[in-house]
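The values are calculated or read from the model by the stated rules, or taken from the named source; none is laboratory data. All values reported here derive from a predicted model rather than from experimental measurement. Cβ placement follows ideal geometry from the backbone for every residue including glycine, while neighbour counts extend to all protein chains displayed.
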Amino acid sequence: MLTKVVGTAALIPATLAYFLRRHVPLPVTLVLAHFAAAGLVVALAATDRFAGSSVHMLGKQSSGAIAWWGWGLFWPYHLSLQMKLWIQRQYSVEPVWNQITDGWYLGGWPASPSMMPQGSPAILDCTCELPRMQRQLPYLNLPVWDTHGPTVQQIDRGIKWALEQQSAGRPVLVHCAHGHGRSLVVMCAILVVSGQAGDFLEAYRLVKAQRPKVRLNGRQHCALVQWQEHMKPRRKAM
């Protein structure tokens, strides 16, 4: 889905750059070409073939910051995405986040402190494209492209870190861009391992009751199936 949306959108500035090249100043043509090129590269990187190996392409570091070269090369995508999220939130009635169970929150990208739950929660970020904005709070990034699912290893890492934060007395916010897909995968796994759900389907129902717009697409459902199979030997040994 991301590949189709971004790839199609990139054709607009590409077409404008081509047909207006003789009628507008060169800098305008170059900016349009940059928008088109950035979008087409992102569309290709987010395909199933490359998504697993290209999550750092936009310059996001483990600290959550976007490197200078990431802004320089992909500023059209970063700018367009953040503007899109801002506009959507002006018209959406969905909360940025919802409390799923005691101390566990699921939501979209917290662009400002006002978008954070109370209690100074630790932040588990499941995006590869959005920068960390709340730098004073404990943080872990699991870089995943939009519409894709995290790997088994990423899910396990996220669970371990989140449970450590909870053990230290901190609430935890798990987020992606909208709080509907990538972060949902990790939250479902956390609920299973923490004993609040018997399997990921029960966890999904529990989350959906609190945040109705969540949805697992095919890739994300597959990620949870693979993770649950990976967990079976461990659960039998317990």
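The table below gives the values:
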{"read-out": "Members of region 143-188 found to be of a type in the set (Gly, Ala, Ser), closer than 18 Å to residue 119 by Cβ and touching a helix residue (DSSP H, G or I) at 6+ places or on another chain (Cβ under 6 Å), listed by number", "value": "162"}
{"read-out": "Candidates 199, 125, filtered to the one that is touching a His at 6+ places or on another chain (Cβ under 7 Å) and either among the acidic types (Asp, Glu) or over 26 Å from residue 87 (Cβ atoms) (or both)", "value": "125"}
{"read-out": "For residue 9: the one exception among (1) among the aliphatic types (A, V, I, L, M); (2) farther than 15 Å from residue 177 by Cα; (3) at pLDDT 95 or above; (4) part of a helix (DSSP H, G or I)", "value": "(3)"}
{"read-out": "Single residue of region 199-226 satisfying the filter (among the polar types (S, T, N, Q) and touching a helix residue (DSSP H, G or I) at 6+ places or on another chain (Cβ under 6 Å)) that is surrounded by the most Cβ atoms within 10 Å (Cβ to Cβ)", "value": "220"}
{"read-out": "Close pairs (7 angstrom Cβ cut-off, 6 or more residues apart or separate chains): in contact (Cβ under 8 Å) with a residue 12 or more places away in the chain in region 14-34, in a helix (DSSP H, G or I) and of a type outside the set (A, V, I, L, M) anywhere", "value": "17/29; 20/29; 32/13; 34/76"}
{"read-out": "Answer from 154, 196 - the residue that is modelled with pLDDT of 95 or more and assigned to a helix (DSSP H, G or I)", "value": "154"}
{"read-out": "Residues of region 92-145 satisfying the condition of being among the hydrophobic types (A, V, I, L, M, F, W, C) and in a strand (DSSP E or B)", "value": "97, 100, 104, 106, 122, 123, 124, 140"}
{"read-out": "Hits in region 12-24 - residues which are loosely packed, with under 13 Cβ neighbours inside 10 Å and either of a type in the set (S, T, N, Q) or under 22 Å from residue 70 (Cα atoms) (or both)", "value": "15"}
{"read-out": "Per-region count, region 63-91, residues loosely packed, with under 13 Cβ neighbours inside 10 Å and within 18 Å of the chain's Cα centre (by Cα)", "value": "5"}
{"read-out": "Total residues in region 25-44, condition surrounded by 14 or more Cβ atoms within 10 Å (Cβ to Cβ) and in a loop (DSSP other than H, G, I, E, B)", "value": "0"}
{"read-out": "Residue list for region 45-75, filter: touching a residue at least 60 places away in the same chain (Cβ under 8 Å) and in a helix (DSSP H, G or I)", "value": "45"}
{"read-out": "Residue within region 174-186 that is over 23 Å from residue 45 (Cα atoms) and either surrounded by 16 or more Cβ atoms within 10 Å (Cβ to Cβ) or not aromatic (Phe, Trp, Tyr) (or both) present", "value": "yes"}
{"read-out": "Residues that are free of Cβ contacts under 8 Å to residues at least 60 places away in the same chain, surrounded by 22 or more Cβ atoms within 10 Å (Cβ to Cβ) and either among the hydrophobic types (A, V, I, L, M, F, W, C) or closer than 13 Å to residue 105 by Cβ (or both), drawn from region 135-164", "value": "142, 162"}
